[in-house]
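A short write-up of the structure that comes next.
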Amino acid sequence: MNSDRSYSVFARYYDLLTENVDYEARAAYLDELIRQLHPVEDCVLLDLACGTGTLSEAMARRGYDVIGVDGSGDMLNEAVEKKCESGLPIQYVCQDMRRLELYGTVDVTICMLDSLNHLPGLPDIQNVFRRVSQYTEPGGLFLFDVNTLHKHRVTLGDQVFLFDLDEVYCVWENRFDGDATVTITLDFFLNPGTGSIIPARRSSSGSGHTPGRYWNRRWRMRALQWKRYTGRTVWIPPQRIRIG
């Protein structure tokens, strides 16, 4: 699992890089599942690996009493800024989800956007399930999503994705390993004087470009500030997880 430090630069641009995610649609789907499977009044909901809090906000607007937990203080700083603007009564806690500790229990836990895949291995996932079970009311729910093997092999694979945005230029490079793990490297290029990227032509996403070749053609590379995020996403084979 990545250290808090590795998320420092990623947190600043996370929302820009995930603008394609329809959080409202996800929140509506989760809300429907909860109402069908575990309808309770004044539902306390734990958003595990909540990141910058966008989904936490969407669930809070639907009436849930939300606790957001994330291991990155930088991500939570972004979430708290949103909370200050919206005024929603969300409680944010900085914790590694493998060592989750709450003062009370929750009715429902959600863990979205393949956050479980970013844990190092099965023992870590088992720890999360044990912790969630420990702090969940009897009959409560744990709703989560995970990457499929197809996504690791094909969608992520050895692909390179380029994001040419007003505030940052990002090269997202994946490496597919033999154990179905994908190592992710994000290189962020900024203009240190203005905090914005120096203009350059766009390039299409895909594996046809390597960062080195493309950056040799970019303008004034020496004037740019470079920062890197690295992480891994691990395929979780279907299996029964013991929590007892």
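The values are calculated or read from the model by the stated rules, or taken from the named source; none is laboratory data. Values in this document were obtained by computation on a predicted structure and should not be read as measured data. We place every Cβ from the backbone using ideal geometry, glycine too, and count neighbours over all the protein chains shown.
Looking only at residues in the stretch 132-149 that are at pLDDT 90 or above and in a helix (DSSP H, G or I), which one is farthest from Thr185 (Cα to Cα)?
That would be Gln134.
Would it be correct to say that Val146 is in contact (Cβ under 8 Å) with a residue 24 or more places away in the chain and buried (at least 19 other Cβ atoms within 10 Å of the Cβ)?
Considered against the rule, which asks whether it is in contact (Cβ under 8 Å) with a residue 24 or more places away in the chain and buried (at least 19 other Cβ atoms within 10 Å of the Cβ), Val146 comes out as no.
Mind counting the residues in the stretch 58-95 that are hydroxyl-bearing (Ser, Thr, Tyr), touching a Cys at 6+ places or on another chain (Cβ under 8 Å) and not in a strand (DSSP E or B)?
Number satisfying all stated conditions: 2.
Restricting the search to the stretch 91-105, which residues are out of contact with any Asp or Glu (no Cβ under 7 Å at 6 or more places or on another chain) and not charged (D, E, K, R)?
Listed by number, the residues that qualify are Gln91, Tyr92, Val93, Met97, Leu100, Leu102, Tyr103, Gly104.
With respect to the numbered conditions (1) assigned to a helix (DSSP H, G or I); (2) over 17 Å from the mean Cα position of the chain (by Cα); (3) buried (at least 17 other Cβ atoms within 10 Å of the Cβ), which one is the sole condition not fulfilled by Asp107?
Every condition holds for Asp107 apart from (1).
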